[in-house]
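The values are calculated or read from the model by the stated rules, or taken from the named source; none is laboratory data. These numbers were taken from a predicted model, which means no experiment stands behind them. Please note: Cβ atoms are built from the backbone with ideal geometry, for glycine as well, and neighbour counts cover all protein chains shown. With ligands, DNA and RNA removed, areas are computed over all heavy atoms of the protein, side chains included. Shrake-Rupley method; radii C 1.70, N 1.55, O 1.52, S 1.80 Å.
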Amino acid sequence: MTSKIGLIAEGGGMRGAYTAGILEVFLEHNIDFPYAIGVSAGANTLCSYLSKQNLRNKRLYTEWITDKRFINWRNLFTEGAYFGMHFLFNELPVHLDPFDFKAFKNNPATFKVGVTNCFTGQCEFMEPKLSPSLEDSDEILKASSSLPFMSKMVYLNGTPYLDGGISNSIPIDQAEKDGFTYNVVILTRNANYRKTYSKKMDIFAKHSLKRYPQLAKAIGQRAQMYNRTLDYLKKQEQEGKVFIFRPNQPLEVDRCEKDPAKLAKLYNQGYEEAVNQLPQLLNWMKSVSN
């Protein structure tokens, strides 16, 4: 573990299978970080890495995805979310594929998760490892994964929250604020990707979220904020302050992908790309640690 380098994981729903493949290589080679931060699927995928449960992420993305409770329109009627929140944050981690909460809490790394405050439209960062129980920890992760219009708001201490990616998809600013000027960043989009502004979504958000105008504003400005972060990352990469993993091959997986074959392919892509880039990563880590 180096005391100078942070780890940042972008969200992206089922595109997180790519992140899972990379983190598996980190586990196999005992690559640890003193600080990890993520939003949405990125945050969830970091959890099994921090608890050091080899192959658990792979099972979640490529095996458990076949369970109809994982992604199903029926979930909207039974629990108000397209993704099965009870299945993902209760059944799976407690009974079906137990999450090692003790090992997670004992990991010395600081772990922060971004969630969007629905009143302010701003990203706030919480620390699931400091939660007294798995249930409390999972509420933070559930909030960070709750997509607008596809999930109910999650209330934490009486305040409604949604997906952290709405307001801060790649939280390098928070990592730097916390003192980490060097970071390994895992993105779930190809190089040269830019998010496009959707006027229809902007109008829809303003119309349907009248009680939460700042949240609607954040949704409308998301593309601009996301692309600004990508520009900043490019500059940081040129200065040698970040090491970025991003899919080299065109993606065949979207946020709500349910095909286990496609997800397995994306997981393997992340794994293989991490193996191929491992020498460069280790050299970079050594150089910035000196």
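Here are some notes:
- FRET efficiency estimate (nearest 0.05) - Cβ-Cβ, GLN238 to ASN268, R0 30 angstrom: 0.50
- Helical content alone sets the calculated 222 nm signal of the chain at -13000 deg cm²/dmol, taking -39,500 (n - 2.57) per DSSP H segment of four or more residues and averaging over every residue.
- Rounded Å value of the spacing that divides the Cα centres of segment 217-290 and segment 117-195: 17
- Cα→Cβ-extended label distance, 7 Å offset, between LEU278 and LYS195, nm: 3.3
- The stretch between ASP259 and GLU79, if pulled fully straight at 0.36 nm per residue, gains 62.5 nm over its current Cα-Cα span.
- Anisotropy class of the chain from Cα gyration tensor, a/c 1.5 cut: rounded
- Residue-by-residue Karplus 3J(HN,Hα) for segment 200-212, coefficients 6.51, -1.76, 1.60, Hz, glycine and proline x: 4, 5, 4, 5, 4, 5, 5, 6, 8, 10, 4, 6, 10
- Nearest-0.05 FRET efficiency for LYS177 and ARG228, computed from C-beta distance (R0 25 Å): 0.95
- Within the accessible area of the chain (1.4 Å probe), percent carbon and sulfur: 51
- In segment 191-290, Cα pairs under 8 Å separated by at least six residues give a relative contact order of 21 percent.
- Whether segment 111-211 is rounded, prolate or oblate, judged on the alpha carbon gyration tensor where a/c under 1.5 counts as rounded: oblate
- Net charge over other residues, Cβ less than 11 angstrom from the Cβ of TYR182 (K, R count +1; D, E count -1): 0
- Nearest-20 debye value, segment 55-158 charge dipole, Cβ charges on Lys, Arg, Asp, Glu: 220
- In sequence order, segment 110-127 has phi-based couplings of 6, 10, 10, 10, x, 10, 9, 6, 6, 7, 9, x, 9, 7, 10, 10, 10, 10 Hz under the Karplus curve 6.51 cos²θ - 1.76 cosθ + 1.60, θ = phi - 60°, and Gly or Pro positions carry x.
- Relative contact order of the chain, pairs being alpha-carbon contacts under 8 Å that are 6 or more residues apart, as %: 27
- Which listed pairs, of LYS241/LYS265; LYS195/LYS235; LYS4/LYS217; LYS68/LYS206, have C-alpha distances above 27 Å, in listed order: LYS241/LYS265; LYS4/LYS217; LYS68/LYS206
- Charge context of VAL94, other residues only, Cβ under 11 angstrom, K/R +1, D/E -1: -4
- Our summary gives segment 113-231 a relative contact order of 27 percent, counting only alpha carbon pairs under 8 angstrom and 6 or more residues apart.
- For segment 156-216, the solvent-accessible area of protein heavy atoms averages 53 Å² per residue (probe radius 1.4 Å; ligands and nucleic acids excluded).
- The stretch between GLN249 and SER133 holds 37.8 nm of extra length on full extension. This uses 0.36 nm per residue minus the Cα-Cα distance.
- Nearest-0.05 FRET efficiency for LYS4 and SER208, computed from C-beta distance (R0 45 Å): 0.55
- Each peptide in 194-201, 96-103 gets a packing score, the mean of other Cβ atoms within 10 Å over its residues, and the list from highest to lowest is 96-103, 194-201.
- Cα gyration tensor shape for segment 163-228, rounded if a/c is under 1.5, else prolate or oblate: oblate
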